[in-house]
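Here the structure comes first, spelled out in structure tokens, and everything after it is commentary.
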Amino acid sequence: MRIVLVGPPGAGKGTQAAFLAKNLSIPHISTGDLFRANISKQTELGKLAKSYMDAGNLVPDEVTIAMAKDRMEQSDAVNGFLLDGFPRNVSQAEALDEMLKAESMKLDAVLDLEVPEDEVVKRIAGRRICRNDSAHVFHVTYQAPKAEGVCDTCGGELYQRDDDSEETVRKRLEVYHTQTEPIIDYYKAQGLVVTISALGKVEDVTGKAMAALKGDGEGE
Ligand code: ADP
Ligand code: AMP
């Protein structure tokens, strides 16, 4: 399956993607995680991306699309992938369509995670991620690690993302509404969107997402 996850920052895309990717046996491809890996390795791409990320802006399309394409072309993604955080505007969605068309492929679904803004703000405020791998995500109260400040998965140090500060979050939400939300209509026109509420326990949201992706009518 080829799936795109959309939803505001803090909706739980990364958290759900970890479970969905495992259930569906496809790789979880997060452009945010790819940028953060570049930042920790101090690559040129990482240096460029950091300045945009810290301001809550989107990294320019040209570099983002090239990075996403490169990842999607790796051997583990030949039979499908779960995209998290990409595409993030209509130009990126068009570029993705072109890429897939060139390989006679298409998307199977766009899973839209709905969460009210006040909940998203609480989720982001308490989010802690692992220094070793930003796909290891926790929350100080909602998804607390067994030992404070230590990643359950790999023992790495947990920290708060630089762009999870209150001011940057406000900017990221604005960017989501103005630039990313229009991709939902873009994909609705292709009949691909399934929307679920991402409120509630992580495992319940995963169950709803799996049901919606299988098209058995339990999505909302
Ligand atoms: P996104 O990838 O959409 O930005 P994350 O998956 O990083 O969102 O989740 C944001 C924060 O919310 C994390 O701290 C995560 O632990 C927490 N979280 C995710 N899903 C839920 C949920 N269903 N209920 C409560 N907290 C959640
Ligand atoms: P995320 O981890 O998905 O919350 O993304 C963190 C930040 O990385 C965003 O606020 C952007 O600055 C950048 N980013 C991630 N994905 C993209 C994308 N598809 N296009 C542009 N910027 C992105």
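The values are calculated or read from the model by the stated rules, or taken from the named source; none is laboratory data. Everything numeric in this text was worked out from a predicted model, so none of it was measured. Glycine gets a Cβ as well: all are built from the backbone with ideal geometry, and neighbour counts include every protein chain shown.
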- Where in segment 108-156 are there strands (runs of 3 or more DSSP E), lying fully within it, with 3 or more residues that are away from ligand 2 (no atom under 14 Å from the Cβ) and touching a residue at least 40 places away in the same chain (Cβ under 8 Å)? 109-114
- Query: Do we find that Leu100 is closer than 22 Å to Ala21 by Cα and surrounded by 14 or more Cβ atoms within 10 Å (Cβ to Cβ) in this structure?
  - Reply: yes
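So that you can scan it fast, the table gives a plain yes or no per residue for (1) within 13 Å of ligand 1 (Cβ to nearest atom); (2) in contact with a Leu (Cβ under 9 Å, 6 or more places away or on another chain); (3) under 18 Å from Val115 (Cβ atoms); (4) of a type outside the set (Val, Ile, Thr):
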site: Ala17; (1), (2), (3), (4): yes, yes, yes, yes
site: Ala21; (1), (2), (3), (4): yes, yes, no, yes
site: Ser25; (1), (2), (3), (4): no, no, no, yes
site: Gly46; (1), (2), (3), (4): no, no, no, yes
site: Arg71; (1), (2), (3), (4): no, yes, no, yes
site: Pro87; (1), (2), (3), (4): no, yes, no, yes
- Task: State whether the residues of segment 37-44 include one that is within 16 Å of ligand 1 (Cβ to nearest atom) and either crowded, with 16+ Cβ neighbours inside 10 Å or not hydrophobic (A, V, I, L, M, F, W, C) (or both).
- Result: yes
- List every residue pair whose Cβ atoms sit under 7 Å apart, with the two residues 6 or more apart in sequence or on different chains, where the first one lies in segment 32-52 and is of a type in the set (S, T, N, Q) and the second, anywhere, is at pLDDT 95 or above. Asn38/Leu45; Asn38/Gly46; Asn38/Ala49
- Is there any pair linking a residue in segment 180-206 that is crowded, with 19+ Cβ neighbours inside 10 Å to one that is of a type in the set (Lys, Arg), with Cβ under 7 Å and at least six apart or on different chains, and which? Thr180/Arg88; Ile196/Lys208
